[in-house]
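Asks: Got a structure for you, questions after.
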Amino acid sequence: MPADSVPADSAPRSDHEPGSGGSGGNGHNASTGSNGSNSGDGSGQSGEASTYWGVQAKVFVTVPVMTLLGGDAPGELEGYGPIDPETARKLAGHAPSFTRILTHPFTGARLGADATTYRVPQDLKDAVRVRDGTCRHPGCNRLAVFCELDHTTPWSQGGTTSYGNLASLCKRHHMFKTEGYWHYQQPDPGTIIAISPLGETYLTTADPPPAPPPDIPPPF
């Protein structure tokens, strides 16, 4: 089963400099991301604090949920790398909000993204394309790596950016869907029902992911 994770945003600021801090999370992980801003006009007069036009930034830190509960697994600062558990907990502690994200239990790839995010993160793109293999339109064998990712339930109609609402469609068949000629449903992740202009339905399923290796006891 996919794990749950939580990202968060925080915005620590100083009086004279714009700053940011925060968190984002995934899977059995919690994460922190931050943003902050500060703006103003410098006066140049003595006794008055100078201010500057602000800059807005957001930083993402992924933290395993168990680390937040006192575990010793490291967090990860995006663009930097692993950070120690204590620093990760401090960043998470200053985050005013969290966003839940699902991750693949074995690979750690994100299976769901923030419901307010339309853009698909790279690791989720990879997970969907590996699952699909080819364009999911019936009979099309264009490799998924050359396809576009489509929100099965359109974003404008409440569709989410998630493993169970994304499918690979080549540019031609994606256009057919966008223009309303073909319709698609995805009752389960990777199971696609395509509905033709004449109302005929075609069911396709993706190959199941490989099972985890069995636990083999040591010989001694």
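Asks: Restricting to the range 189-220, give me the number of residues that are surrounded by fewer than 10 Cβ atoms within 10 Å (Cβ to Cβ) and modelled with pLDDT under 95.
Replies: 12
Asks: If I ask for residues that are within 22 Å of the chain's Cα centre (by Cα) and hydrophobic (A, V, I, L, M, F, W, C), which ones from the range 193-210 would you list?
Replies: Selection gives Ala206 alone.
Asks: Okay, moving on. Evaluate the range 171-188: report whether one residue or more is at pLDDT below 95 and within 22 Å of the chain's Cα centre (by Cα).
Replies: Yes, the range 171-188 contains at least one residue that is at pLDDT below 95 and within 22 Å of the chain's Cα centre (by Cα).
Asks: Considering only the range 117-142, state which residues are open to solvent by less than 30 Å² (accessible area, probe 1.4 Å) and either part of a loop (DSSP other than H, G, I, E, B) or more than 24 Å from Ile195 (Cα to Cα) (or both).
Replies: Within the range 117-142, Val120, Pro121, Leu124, Ala127, Cys135, Arg136, His137, Cys140 qualify.
The values are calculated or read from the model by the stated rules, or taken from the named source; none is laboratory data. Quantities reported herein were computed from a predicted structural model and do not represent experimental measurements. Please note: Cβ atoms are built from the backbone with ideal geometry, for glycine as well, and neighbour counts cover all protein chains shown. Keep in mind that these areas ignore ligands, DNA and RNA; they rest on the heavy atoms of the full protein, side chains included. Shrake-Rupley method; radii C 1.70, N 1.55, O 1.52, S 1.80 Å.
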